[in-house]
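The values are calculated or read from the model by the stated rules, or taken from the named source; none is laboratory data. Note that the coordinates shown come from a computational prediction; the quantities given were computed from them, not determined experimentally. For neighbour counting, all protein chains shown are included, and Cβ atoms are generated from backbone atoms with ideal geometry for every residue, glycine included. The protein model used for the area step is the full one, side chains on, heavy atoms only, and it has no ligands, DNA or RNA in it. Shrake-Rupley method; radii C 1.70, N 1.55, O 1.52, S 1.80 Å.
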Amino acid sequence: MQSLQKITSRFIPLRIENVDTDQIIPARFLKATTKEGFGKNLFRDWRYENDDETKPKADFVLNQKQYSGEILVAAKNFGCGSSREHAAWSILDYGFKVVVSSFFADIFKNNALNNGVLPVTVTDAFLQQIFAQGPEDTLSIDLAAQTITIDATGAAETFEINAYKKTCLLNGYDDIDYLLSMKEEIEAFEAKR
Amino acid sequence: MGNTLFGKIWDKHVVKQIKDGPSVLYIDKHFIHEVTSPQAFSGIEKRGAKLFRPAQIVATADHNVPTVNQHLPIADQLSRFQVDTLIDNCKKHGVTLYGLGHEHQGIVHVIGPELGITQPGMTIVCGDSHTSTHGAFGSVAFGIGTSEVEMVFASQCIMQTKPKAMRINIEGTLNKGVVSKDIILYIIAKISASGATGYFVEYAGSAIRALSMEARMTICNMSIEMGARGGLIAPDQTTFDYIQGRMFAPKGADWEQQLAEWKTLYSDADAQFDMEINIDAADIEPMITYGTNPGMGLSVTGTLPTMESFTDTTEQQNFEKALNYMGLQPGQSLLGMPIQNVFIGSCTNSRIEDFRLVACIIKGKQKDPAVKTLIVPGSQEVAKQIKKEGLDKIFEAAGIEIRQAGCSACLGMNEDKIPAGEYCVSTSNRNFEGRQGAGARTMLVSPLTAAAALLTGKITDIRTLLN
């Protein structure tokens, strides 16, 4: 897993609530047996007319040339629905390192963190401030300080992340390494049940 | 102070509590399937690690399998490769597989309970968000991502922050024509698709106690559709009677010992919940969804909200987007609307009791000739039972084909898809855009309301067809 410390980037505003993982990556793309290459199908059915890559939908934000960046900003309840980790893989593979929303679904949040994608939960008011920025404006996220800043205005908020996950992400460690190191404790737990 | 049912089970499985971090939670049973496991197997191999407790894992192929001609090789090359990868991985790592063609094959959340693998007090995970189904037995069961599948492969543990506890009490007697699916659709419509995010929900009250195990599974199944980490119901005599005698159920002295322990699984009278909701069963009517998330539901006789009922502009835009997708108007009624497809199946409603309910409505009648059907039992065992009870004859006489077990049109990974722009009255769990096929318009209902649509070809109040 890649480590993540600080990032300053323009962002892509997705003003849609309840974005479910079926929209992030439709089920027909879940037939793969590896984690790579999902980015091209991210938001597939919102991106293209009739599943045709030569017909991008002009009204969808990923197709609007003025927007770019490594930060995706979405309305509340992002990542609801299916537990498919393919959703996190497709967001990462597309090039996003951070997703900002006023509310995340639980499983998506875990999946994102397990892949080095940082979910940043902000207040509704702050989310609206971000949405009010232009396509050239940038956001800065400092994981160690747990802050997100709108660079143009200087407005900032702190965000929550548990200390353990923060350490993992800052250093690029994953849970599996940790659990493998706990083998004896787990065996001892099993023995006394 | 007393503990909640959820708290009792969770606490007993904590191997270690990381300071300011998650718990290391021990997992009793791990179900896997072909779609969310391959990357976890390759991950563990890349680390040079072995599966820690392969005997605690059970595999099946369900998401990506055809529901006709299962004896033939899978036509779709990618699907076949994925299912074959599961076979290879299970063989290589010593995992029990109930694969295609096996008498125990079926939707993972149908076969677990059916075989008696799912038992009270357990922690159960699976790389599928509807793992909450198993909570109907008084277990802590929840869906996980593939990295977490790999964690359980590596250590039989998972890193997880303890959710808060919610209790939803449903007291009273259900109205005629109202079944457990209506209860859960009613709850989700009431608290929204994100209303239980961060919580583990216990369903309680006299209306829940009166339900069969199949009906309880339908309710727990959809806990995730309101954002909950999982849902559970305290085990009682109904639970014990269902489990006893099943293939993997404890036997003899072991049964007595387990039973004594299972009887301690309830929320103490003084247990504190972080949130509690009370519902009167009499308020629940047959339900249907009109929008593109399971929270957008109403009574089948109701009318859609109007634009003015939303104060927030983002909410208005989202409502408008959903209605555009569904081809519906604000304020309209759904009754009498023609529909083109009926899907009966999925881990929500594909058990024998669901087929009995449908059979009881369609017996001696013909389906509307314009309606296309996908009727898919949850498992080989359910299919066998359908035949044993002669329900297949009732479906056949009504002009309806019963297919073979799998997830089918619930998520449209295989060929079972709903054509763009067409309506599908569906007993599944999600009405997301494109879920049942690109452009498909899903309306979630109970098996009874689906049966009514089968006969009339329209959105119908099932109560008008009951004596």
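Below are the figures for this structure:
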item	result
Elements of type helices (runs of 4 or more DSSP H) in the stretch B:204-266, at least 2 residues being more than 14 Å from chain A (Cβ to nearest Cβ) and either buried (at least 24 other Cβ atoms within 10 Å of the Cβ) or in contact with a strand residue (DSSP E or B) (Cβ under 8 Å, 6 or more places away or on another chain) (or both)	B:206-209, B:213-221
Enumerated strands (runs of 3 or more DSSP E) restricted to the stretch B:281-360, each holding at least 1 residues that are hydroxyl-bearing (Ser, Thr, Tyr)	B:287-289, B:297-299
Out of B:ILE400, B:ILE339, sole residue that is free of Cβ contacts under 8 Å to residues at least 60 places away in the same chain and surrounded by 18 or more Cβ atoms within 10 Å (Cβ to Cβ)	B:ILE400
Lone qualifier among B:VAL110, B:VAL149 - being farther than 25 Å from B:ALA49 by Cβ and in contact (Cβ under 8 Å) with a residue 24 or more places away in the chain	B:VAL110
Breaking point among (1) part of a helix (DSSP H, G or I); (2) over 21 Å from B:THR123 (Cβ atoms); (3) away from chain A (no Cβ under 14 Å); (4) among the aliphatic types (A, V, I, L, M), for B:VAL68	(1)
Residues that are open to solvent by 60 Å² or more (accessible area, probe 1.4 Å) and not aliphatic (A, V, I, L, M), drawn from the stretch B:267-300	B:ASP270, B:GLN272, B:ASP274, B:GLU276, B:ASN278, B:ASP280, B:ASP283, B:GLU285
Cross-chain or 6+ apart pairs with Cβ under 6 Å, the stretch A:164-189 first and closer than 30 Å to A:GLN146 by Cβ and crowded, with 18+ Cβ neighbours inside 10 Å, then among the charged types (D, E, K, R) and modelled with pLDDT of 95 or more	A:ILE176/B:GLU150
Per-region count, the stretch A:78-87, residues facing chain B (nearest Cβ under 7 Å) and not polar (S, T, N, Q)	4
Residue list for the stretch A:134-163, restricted to those being away from every other protein chain (no Cβ under 12 Å), free of Cβ contacts under 8 Å to residues at least 40 places away in the same chain, surrounded by 13 or more Cβ atoms within 10 Å (Cβ to Cβ) and among the polar types (S, T, N, Q)	A:GLN146, A:THR147, A:THR149
Yes/no for B:LEU97 being more than 14 Å from chain A (Cβ to nearest Cβ), over 17 Å from the mean Cα position of the chain (by Cα), in a strand (DSSP E or B) and more than 26 Å from B:GLN237 (Cβ to Cβ)	yes
Condition check for B:GLY135: surrounded by 24 or more Cβ atoms within 10 Å (Cβ to Cβ) and either within 13 Å of B:CYS347 (Cα to Cα) or within 18 Å of the chain's Cα centre (by Cα) (or both)	yes
Strands (runs of 3 or more DSSP E) contained entirely in the stretch B:1-55, each with at least 3 residues that are over 25 Å from B:VAL108 (Cβ atoms)	B:14-17
Subset of the stretch B:436-449 (residues that are in a loop (DSSP other than H, G, I, E, B) and touching a Gly at 6+ places or on another chain (Cβ under 7 Å))	B:GLN436, B:GLY437, B:GLY439, B:ALA440
Residue pairs meeting the criteria (Cβ under 6 Å; at least 6 apart or on separate chains; first within 7 Å of chain B (Cβ to nearest Cβ), in the stretch A:26-40; second among the hydroxyl-bearing types (Ser, Thr, Tyr))	A:LYS31/B:SER79; A:THR33/B:THR85
Every residue from the stretch B:323-335 that is surrounded by 15 or more Cβ atoms within 10 Å (Cβ to Cβ) and in contact (Cβ under 8 Å) with a residue 60 or more places away in the chain	B:TYR325, B:MET326, B:LEU334, B:LEU335
Some residue of the stretch B:23-35 being closer than 30 Å to A:ALA27 by Cβ, of a type in the set (Ser, Thr, Tyr), more than 9 Å from every other protein chain (Cβ to nearest Cβ) and open to solvent by less than 10 Å² (accessible area, probe 1.4 Å)	no
Checklist (1) more than 27 Å from B:THR4 (Cβ to Cβ); (2) among the hydrophobic types (A, V, I, L, M, F, W, C); (3) in contact with a helix residue (DSSP H, G or I) (Cβ under 9 Å, 6 or more places away or on another chain) applied to B:ILE277, failing item	(1)
Set B:ASP62, B:ASP84, B:ASP11, B:ASP88: member being open to solvent by 70 Å² or more (accessible area, probe 1.4 Å), over 24 Å from A:ASP175 (Cβ atoms), of a type outside the set (Lys, Arg) and modelled with pLDDT of 95 or more	B:ASP88
Residue check for B:GLY434: open to solvent by less than 10 Å² (accessible area, probe 1.4 Å) and at positive phi	no
So B:ASN175, is it under 26 Å from B:SER350 (Cα atoms), part of a loop (DSSP other than H, G, I, E, B) and within 14 Å of another protein chain (Cβ to nearest Cβ)	no
